[in-house]
Every structure is written in structure tokens, then in C-alpha cells.
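Written out below as C-alpha cells is the structure these notes cover.
The values are calculated or read from the model by the stated rules, or taken from the named source; none is laboratory data. Just so it is clear, the structure is predicted and the values come from calculations on it, not from any experiment. Cβ placement follows ideal geometry from the backbone for every residue including glycine, while neighbour counts extend to all protein chains displayed.
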Amino acid sequence: MGFIDSVQSTFNRGVAAAGRTTDSVKLKAQMTDALKRRQNLAAQLGASLYELTKSDPSFRAGRETLYDGIAAIDAERAQIQAELDRIERESQAAQTAATHFACPFCGSQLGAGDVFCSGCGKPMSEIQAAIAAAQVQAPA
């Protein structure tokens, strides 16, 4: 019976060690999650305090580098956002140009799915032929 008891004891210690390892992994994951939530809240607090104190010289004293750095990054972000907005406007304009065009006969705006011109009543086949002829005559 001594050998079986020894095997049983070894098995129980292994199970207990595995349980401790599992518990440790779970707790470490919970700790990481709690740290992420804390960092998020600290960032929100810092951002709100920055907005309230950026114009107050008493709060800026000794922290000028931090305040100036944040202001520089805000200016950089504004510049990047303006560039993104410009690119988006160009993309929308190109998309609109690809789906809308002017009738070569009357100048009315036509959609790619239109069958007739709403301005002069010409059929789309005649309009497309006139556009193709104009493109052949005026090389790009």
C-alpha cells in the first residue's frame, strides 16, 4: 500500500500545482485588465485636467515642457486631420465625377444610371457617343 499511497500523493500534488498555476494565470489576467482600465481612467483624468489648467500659469509652472509638448501634438493632430479631410473631399469628388457628368448638349448634370438627359431629353446612347467623339478629338 505504500507505493500506491506515494503515487496518489504525487498525483494530488501535481493537481494542486496545476490548480495554483491556473489560478495564478487568471489573477494575472485580471491584474492586466485592471491596469488597463486604470490607465484609461488616468488618461481621461489627465486630459480633462489639461483642458482646465492649460491657460493657468500657476498650474503650468514647472510643467511647461509637458504643456508645450501636448500643445505641439494637438497642433500636429489638427494638421493631420486637415490633410485627412482634404483627401476625403478629393475622394468624394472623384467618386461623384465618376458617377455624374455634364450633358455635352445642354450642360445638365447626369447620373451614370440615367436613360435620358433631364435637360434636353437626348437619349444616353447619343450623349455617350458625343462624349466619346469629343474625347477622340481632344487627345489627353
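Among the candidates ALA112, ALA93, ALA102, ALA97, which residue alone is closer than 30 Å to ALA130 by Cα, of a type in the set (A, V, I, L, M, F, W, C) and touching a helix residue (DSSP H, G or I) at 6+ places or on another chain (Cβ under 6 Å)?
The conditions single out ALA112.
Please go through the stretch 61-99 and give me each residue that is under 18 Å from the mean Cα position of the chain (by Cα), of a type in the set (Gly, Ala, Ser) and modelled with pLDDT of 95 or more, ordered by number.
Answer for the stretch 61-99, where residues must be under 18 Å from the mean Cα position of the chain (by Cα), of a type in the set (Gly, Ala, Ser) and modelled with pLDDT of 95 or more: ALA78, ALA82.
Can you tell me which of (1) of a type outside the set (Lys, Arg); (2) assigned by TED's automatic domain parsing to the domain that holds ALA134; (3) surrounded by 10 or more Cβ atoms within 10 Å (Cβ to Cβ) is the one GLY113 doesn't meet?
(3)
Taking SER58 as the residue in question, decide whether it is closer than 28 Å to ASP74 by Cα and either at pLDDT 90 or above or part of a loop (DSSP other than H, G, I, E, B) (or both).
yes
For the stretch 1-53, name all the residues that are aromatic (Phe, Trp, Tyr) and surrounded by 10 or more Cβ atoms within 10 Å (Cβ to Cβ).
PHE11, TYR50 - these are the residues of the stretch 1-53 that are aromatic (Phe, Trp, Tyr) and surrounded by 10 or more Cβ atoms within 10 Å (Cβ to Cβ).
Six or more apart or on different chains, Cβ atoms under 9 Å: show the pairs whose first residue is in the stretch 114-136 and in contact (Cβ under 8 Å) with a residue 12 or more places away in the chain and whose second is of a type in the set (Gly, Ala, Ser) and outside any loop (DSSP other than H, G, I, E, B).
Qualifying pairs under 9 Å: LYS122/ALA130.
Give all pairs with beta carbons closer than 7 Å in which a residue from the stretch 1-27 that is at pLDDT 75 or above meets a residue that is surrounded by 10 or more Cβ atoms within 10 Å (Cβ to Cβ) and not aliphatic (A, V, I, L, M); count only pairs at least 6 apart in sequence or on separate chains.
From the stretch 1-27, no pairs qualify.
Of the residues ILE70, ILE87, only one is in a helix (DSSP H, G or I) and surrounded by 12 or more Cβ atoms within 10 Å (Cβ to Cβ); which?
ILE70
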